[in-house]
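The structure under discussion appears below in the form of structure tokens.
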Amino acid sequence: MQISNFPVLQMHKSQTAMRASQKDFESAVNQMKLLTKDPGNEMKLKLYALYKQATEGPCNMPKPGMLDLISKAKWDAWSALGSLPKETAKQNYVELVSSLSSSASSSQGKPDADSKQPGYETLVVTSENGITKIMLNRPTKKNAITTQMYQEIMLALEAAAKDDSAITVLTGNGDYYCSGNDLNNFTDIPPGGVEEKAKNSAILLRDFVGCFIDFPKPLIAVVNGPAVGISVTLLGLFDIVYASDRATFHTPFSHLGQSPEGCSSYMFPKIMGSAKAAEMLIFGKKLTAREACAQGLVTEVFPDSTFQKEVWTRLKAYSKLPPNAMRISKQLIRNVEKEKLHAINSEESSVLQGRWLSDECTNAIMNFLSRKAKL
Ligand SMILES: CCCCC/C=C/C(=O)SCCNC(=O)CCNC(=O)[C@H](O)C(C)(C)COP(=O)(O)OP(=O)(O)OC[C@H]1O[C@@H](n2cnc3c(N)ncnc32)[C@H](O)[C@@H]1OP(=O)(O)O
């Protein structure tokens, strides 16, 4: 059996304590690609059986022949669930995947001081001097975010939320901070076609942005170079944004036939006023670092030549402040709006799901991929 058929869910315990909703179940199914370690055939069969029961009900398929070992093992596992109700199967599925996920993240959850954490292919994650640094690591692709990278960032944030560090930093390797969503993500179409792709992407987006909304510790963006798309919109959910004077901030959603995400449809007008926000989010105006700072999106701008030195000196000092006090203050500032932000995130994700199926969006992506257009 392929591991990719049994992706693992990244889900909060509070969600699984409740009855699993259709959304939780879909999240589980969508995020199962997080699985990096083979959970073993027994677990894979359990997941398979619960998935089939949850989506199709009791097994009424003809029993496969004795020699078709894999199909028979799957059939046996599904049949063994008898008349288990679909809702219960869904709940059990979500809980099972959640338990897999927490054991996966606890095995990489507590970083050794001064060490690079293993298990990430698209990121470099280190924890040192009270700072967990998550560095996007696809410099030759301007740190464009692939599906795997979204999933690894969620894992890294979940681990950072639980580790001993006082603050968490997101930054990019190379000359870019991040060029946004990897447009090649749209070329990997599942058997259910483009509708299924759009639906899965909307769930992934919602869960990804949700991790930033819920992140409990001070979260700092070290914007080392140009930032595009979702890497810009998310900045409204960070507590501090430091930028090199080489950085630019660009959200070309209309050019791409898309619409804003990362809660920017709410946070940007709140931060910079609706007129400035509209110029960025509707008309795709690219801001320099100094403009972004003047509009409140960036905390402070540093000359590129001294950027790393100045920023890390500052962050090392902040990381020595009492961690609980920082955490509590952050939560006081952010928690008031958490529910609202989750609602906005869901709405933005669902609007984008529709945009991804539009001709405007399809044409823009085809243009980029066929190299006719660049930003
Ligand atoms: C599921 C969740 C969805 C969330 C929704 C998110 C939406 C967004 O983020 S919208 C923004 C999407 N991003 C873009 O439209 C940027 C597209 N990229 C560009 O326009 C340019 O690459 C550039 C301006 C960022 C950089 O231009 P340049 O300095 O000339 O460098 P290259 O174009 O040669 O780039 C080097 C290399 O990297 C690849 N690449 C860069 N960005 C992306 C990207 N976003 N998606 C896919 N690939 C990207 C580029 O194709 C080059 O690859 P090679 O040709 O193979 O070297």
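The values are calculated or read from the model by the stated rules, or taken from the named source; none is laboratory data. What you see is a predicted model, and the numbers here were worked out from it, not measured in a lab. As a convention, Cβ positions derive from the backbone with ideal geometry for all residues, glycine included, and neighbour counts pool all protein chains shown.
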Lone unmet requirement of (1) more than 21 Å from PRO252 (Cβ to Cβ); (2) within 14 Å of the ligand (Cβ to nearest atom) for ILE365:
(1)
Please work out if GLY172 is more than 10 Å from the ligand (Cβ to nearest atom) and without any contact (Cβ under 8 Å) to a residue 12 or more places away in the chain.
no
Applying the selection to region 237-253, what residues are near the ligand (Cβ under 10 Å from one of its atoms) and assigned to a loop (DSSP other than H, G, I, E, B)?
THR251, PRO252, PHE253
In region 351-375, which residues are touching a helix residue (DSSP H, G or I) at 6+ places or on another chain (Cβ under 6 Å) and of a type in the set (Gly, Ala, Ser)?
ALA373
Hey, GLY109 hits all of (1) at pLDDT 90 or above; (2) not in a helix (DSSP H, G or I) but one; which does it fall short on?
(1)
Is there any pair linking a residue in region 178-200 that is under 16 Å from CYS361 (Cα atoms) and of a type in the set (A, V, I, L, M) to one that is at pLDDT below 95 and within 9 Å of the ligand (Cβ to nearest atom), with Cβ under 6 Å and at least six apart or on different chains, and which?
LEU183/ILE365; LEU183/PHE368
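Conditions (1) touching a helix residue (DSSP H, G or I) at 6+ places or on another chain (Cβ under 8 Å); (2) modelled with pLDDT under 95; (3) within 11 Å of the ligand (Cβ to nearest atom), marked per residue:
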position	(1), (2), (3)
GLN148	no, no, no
ALA166	yes, no, no
CYS178	yes, no, yes
ASN181	yes, no, yes
ALA202	yes, no, yes
Is it true that LEU234 is under 15 Å from the mean Cα position of the chain (by Cα) and more than 10 Å from the ligand (Cβ to nearest atom)?
no
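Which ones in region 41-71 are more than 26 Å from the chain's Cα centre (by Cα) and among the hydrophobic types (A, V, I, L, M, F, W, C)? It would help to see each step written out before you state the result.
Within region 41-71, the first condition is being more than 26 Å from the chain's Cα centre (by Cα), and the residues that meet it are 41-42, 45-46, 49, 52-53, 56-71.
Listed by number, the residues that qualify are LEU45, ALA49, CYS59, MET61, MET66, LEU67, LEU69, ILE70.
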For region 211-225, how many residues are surrounded by fewer than 19 Cβ atoms within 10 Å (Cβ to Cβ) and either free of Cβ contacts under 8 Å to residues at least 12 places away in the same chain or within 14 Å of the ligand (Cβ to nearest atom) (or both)?
0
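Can you find even one residue in region 119-140 that is within 11 Å of the ligand (Cβ to nearest atom), modelled with pLDDT of 95 or more and among the charged types (D, E, K, R)?
Step one: list which residues in region 119-140 are within 11 Å of the ligand (Cβ to nearest atom), which gives 138-140.
Still in the running and modelled with pLDDT of 95 or more: 138-140.
The next check asks that each one be among the charged types (D, E, K, R); those that pass are 138.
So far as region 119-140 goes, yes, one or more of its residues are within 11 Å of the ligand (Cβ to nearest atom), modelled with pLDDT of 95 or more and among the charged types (D, E, K, R).
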Among (1) more than 15 Å from the ligand (Cβ to nearest atom); (2) loosely packed, with under 14 Cβ neighbours inside 10 Å, PHE283 falls short only on (1)
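When region 51-88 is examined, which residues are found to be assigned to a loop (DSSP other than H, G, I, E, B), surrounded by 14 or more Cβ atoms within 10 Å (Cβ to Cβ) and at pLDDT 90 or above? Before you say what the answer is, go through the steps one by one.
First pass over region 51-88, keeping only residues assigned to a loop (DSSP other than H, G, I, E, B): 57-68, 80-85.
Then keep just the ones that are surrounded by 14 or more Cβ atoms within 10 Å (Cβ to Cβ); that gives 57-59, 64, 81, 84.
Hits for region 51-88 are GLY57, PRO58, CYS59, LEU81.
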